[in-house]
Each structure stands twice: as structure tokens, then as C-alpha cells.
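Visitor: Handing you this structure, nothing more for now.
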Amino acid sequence: MDARQLKIEAARAALAHVTDGMRLGIGTGSTAEEFVRLLAEKVATGMTVIGVPTSERTAALCSELGVPLTTLDETPELDLTIDGADEIDPELTLIKGGGGALLREKIVAAASARMIVIADRSKLVETLGAFPLPIEVNRFGRRATEIAVAAAAAELGLSGPITLRMTGGQPFVTDGGHFILDASFGRIPNTRALSNALHAIPGVVEHGLFIGLASVAVVAGANGIETVHAPR
Ligand SMILES: O=C(CO)[C@H](O)[C@H](O)COP(=O)(O)O
């Protein structure tokens, strides 16, 4: 099965958790997009759901395919969010933000009673950090924030290149109008400590460590679907 088919299978398995009338958080990325396509088919045949998209990109796809949308201000409590991830550890702590939507993704996941992560097996890791950690920062003082991030990480024994995400020769700008720093710290055994340290830096808007948000991961591999539950 090719990579796209695995994403479709994970999305299809997660769709089984969606029931009529649900208020859904809808993720961002290529796996989440497969979920939107399958959800749109259900909507076309009569399922009634309302979705809060986690990015302008997802909003555009939902609108194109006829998935009804609302805003988090209109619907501030959601039943379920379904989203992809860049890395998933055994506790279901995640690295997210490869697609640059981590701020809205985290706000939406936190407003949801449950979050299901959909992915192929390549996203499962023992320890997070091979994937560079996205850190969304205010544009103002970006260099100073970068220095503060490096210093905070060093206090925790973490180091490595921190690069400003670029696209088409320009800094990548998030839906919220911020920049993203990608921090290649390598293995991050102390995710909670790093999360706290990053949140203490004024220029950091949010980071891509999702701790205690995902309740289930639906993971597709060559041998089928594996469902991983977060420890209670
Ligand atoms: O966090 C994300 C976007 O900000 C995505 O969920 C993550 O990058 C995974 O994307 P994909 O499903 O394309 O591998």
C-alpha cells in the first residue's frame, strides 16, 4: 500500500468515530485532507456535522467539498477533533506544525472533548524530536526570541540549529500572521519541561508539542489499522 493509501485508511478508520450531529475540529495536512474528503462523502449522503477548520487551507477544502463550517467563537465546545501529526510517541504526546497550523490546531484540540490523531506508521516514534519542533513566534523581535529559545533549551540540555521557516524565498507566515522557527534539538525526553520553558518566553506564541491532548491514535500500516490509546 502506498503512503497516500495508508493516510486514507487511517482517515477512514477515524471516520467511524464520527456520529450524526457532532461538532468537529478538522485538522490540517495531507492526512487530515483525506479525512475531509471522506467526511464530505458522508455529508453528501445525509450525515449532519458541523466543523471548525484548523487552517484557511482546510477551510477552503471543506467549503469546496460541501462540509458545513462554523467558527470556534460560534461553537466554542467541540465533541471531537481529528488531525494528523508529524510524530507520535507512546504516550500520545505529539509534534505538530509541519504544515504551519499548530496554533489553531492546538486551540481547536483543547476545545474538544476528544482528539483522534490519524497517521501512517512512519509517524510513530519512541522519543519525539527527529522531526524539527515548530515554534510559532511573533514577528516582532524574532531574533531575540530565537536566542531566548536556544538559551531555554540549553538549560534543559537540548541544542541544535533553529531555523526560520521559509517559503518561496520569504519567511513562512502562519494564518495568525506569525513566523515559525523549526528547532532541530534531536531527542526531546523532557517534553513537559521544554513546553513550560518555551511558554515562558514572551515572543513565543505557541509550540508544536501537544501534551495530553490526543486520546487515541489511529495508525495505518502494512498490516492494517492499529489503535493506540493515551495512558489515563
Ligand atoms: O501539524 C500539522 C499541520 O500543522 C499536520 O497535522 C502534520 O504536519 C502532519 O501532516 P501530514 O498529514 O501531511 O503528514
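The values are calculated or read from the model by the stated rules, or taken from the named source; none is laboratory data. If you're wondering where the values come from, they're calculated on a predicted model, not measured in any experiment. Because the Cβ atoms are built from the backbone with ideal geometry, glycine has one as well, and the counts that use them run over all protein chains shown.
A quick yes/no check of all residues on (1) surrounded by fewer than 20 Cβ atoms within 10 Å (Cβ to Cβ); (2) closer than 13 Å to residue 116 by Cα:
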{"position": "5", "(1), (2)": "yes, no"}
{"position": "15", "(1), (2)": "yes, yes"}
{"position": "25", "(1), (2)": "no, yes"}
{"position": "44", "(1), (2)": "yes, no"}
{"position": "50", "(1), (2)": "yes, no"}
{"position": "61", "(1), (2)": "yes, no"}
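Visitor: Does residue 206 satisfy being modelled with pLDDT of 95 or more and either within 16 Å of the ligand (Cβ to nearest atom) or assigned by the TED database to the domain that holds residue 10 (or both)? Even if it seems obvious, please write down each step before you answer.
Guide: Details: modelled with pLDDT of 95 or more: yes; either within 16 Å of the ligand (Cβ to nearest atom) or assigned by the TED database to the domain that holds residue 10 (or both): yes.
Taking the combined requirement at face value, the residue satisfies it.
Visitor: Further question: Pick from 157, 97: which is small (Gly, Ala, Ser), touching a strand residue (DSSP E or B) at 6+ places or on another chain (Cβ under 8 Å) and under 23 Å from residue 197 (Cα atoms)? Full working, then the answer.
Guide: On the way: 157 fails: touching a strand residue (DSSP E or B) at 6+ places or on another chain (Cβ under 8 Å).
Residue meeting the stated conditions: 97.
Visitor: Something else about it: So which residues in segment 14-47 are of a type in the set (Asp, Glu) and touching a residue at least 12 places away in the same chain (Cβ under 8 Å), if there are any at all?
Guide: The first filter runs over segment 14-47 and keeps only residues of a type in the set (Asp, Glu), leaving 20, 33-34, 41.
20, 33, 34 - these are the residues of segment 14-47 that are of a type in the set (Asp, Glu) and touching a residue at least 12 places away in the same chain (Cβ under 8 Å).
Visitor: Which of (1) assigned to a loop (DSSP other than H, G, I, E, B); (2) free of Cβ contacts under 8 Å to residues at least 12 places away in the same chain is the odd one out, the single condition residue 176 does not satisfy?
Guide: Status for residue 176: all satisfied but (2).
Each row is one residue, and each column tells you yes or no for (1) modelled with pLDDT of 95 or more; (2) assigned to a helix (DSSP H, G or I); (3) buried (at least 20 other Cβ atoms within 10 Å of the Cβ).
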{"residue": "188", "(1), (2), (3)": "yes, no, yes"}
{"residue": "201", "(1), (2), (3)": "yes, no, no"}
{"residue": "214", "(1), (2), (3)": "yes, no, yes"}
{"residue": "219", "(1), (2), (3)": "yes, no, yes"}
{"residue": "232", "(1), (2), (3)": "no, no, no"}
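Visitor: To continue, here is another question. Does at least one position in segment 209-224 carry a residue that is of a type in the set (Ser, Thr, Tyr) and in contact (Cβ under 8 Å) with a residue 60 or more places away in the chain?
Guide: In the first step, residues of segment 209-224 are kept if they are of a type in the set (Ser, Thr, Tyr); the result is 215.
Cutting the leftovers down to in contact (Cβ under 8 Å) with a residue 60 or more places away in the chain gives us 215.
Yes, because at least one residue in segment 209-224 is of a type in the set (Ser, Thr, Tyr) and in contact (Cβ under 8 Å) with a residue 60 or more places away in the chain.
Visitor: Hey, could you check segment 106-142 for residues that are more than 25 Å from residue 161 (Cα to Cα) and of a type in the set (D, E, K, R) and say which is surrounded by the most Cβ atoms within 10 Å (Cβ to Cβ)? Steps first, please.
Guide: Our first condition is that a residue be more than 25 Å from residue 161 (Cα to Cα); within segment 106-142, this holds for 107-121.
Remaining after also requiring of a type in the set (D, E, K, R): 114, 120-121.
On the way: 114: 16, 120: 22, 121: 14.
So the residue we want is 120.
Yes/no per residue for (1) within 10 Å of the ligand (Cβ to nearest atom); (2) among the hydrophobic types (A, V, I, L, M, F, W, C):
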residue	(1), (2)
34	yes, no
43	no, yes
77	no, no
111	no, yes
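Visitor: Does residue 145 count as of a type outside the set (A, V, I, L, M, F, W, C), buried (at least 19 other Cβ atoms within 10 Å of the Cβ), assigned to a loop (DSSP other than H, G, I, E, B) and outside the structural domain of residue 106 (by the TED database)? Spell out the reasoning first.
Guide: Values: of a type outside the set (A, V, I, L, M, F, W, C): yes; buried (at least 19 other Cβ atoms within 10 Å of the Cβ): yes; assigned to a loop (DSSP other than H, G, I, E, B): no; outside the structural domain of residue 106 (by the TED database): yes.
No.
Visitor: Restricting attention to helices (runs of 4 or more DSSP H) lying wholly within segment 1-105, give those where 1 or more residues are of a type in the set (Ser, Thr, Tyr).
Guide: Details: elements: 3-15, 30-44, 56-65.
So the answer is 30-44, 56-65.
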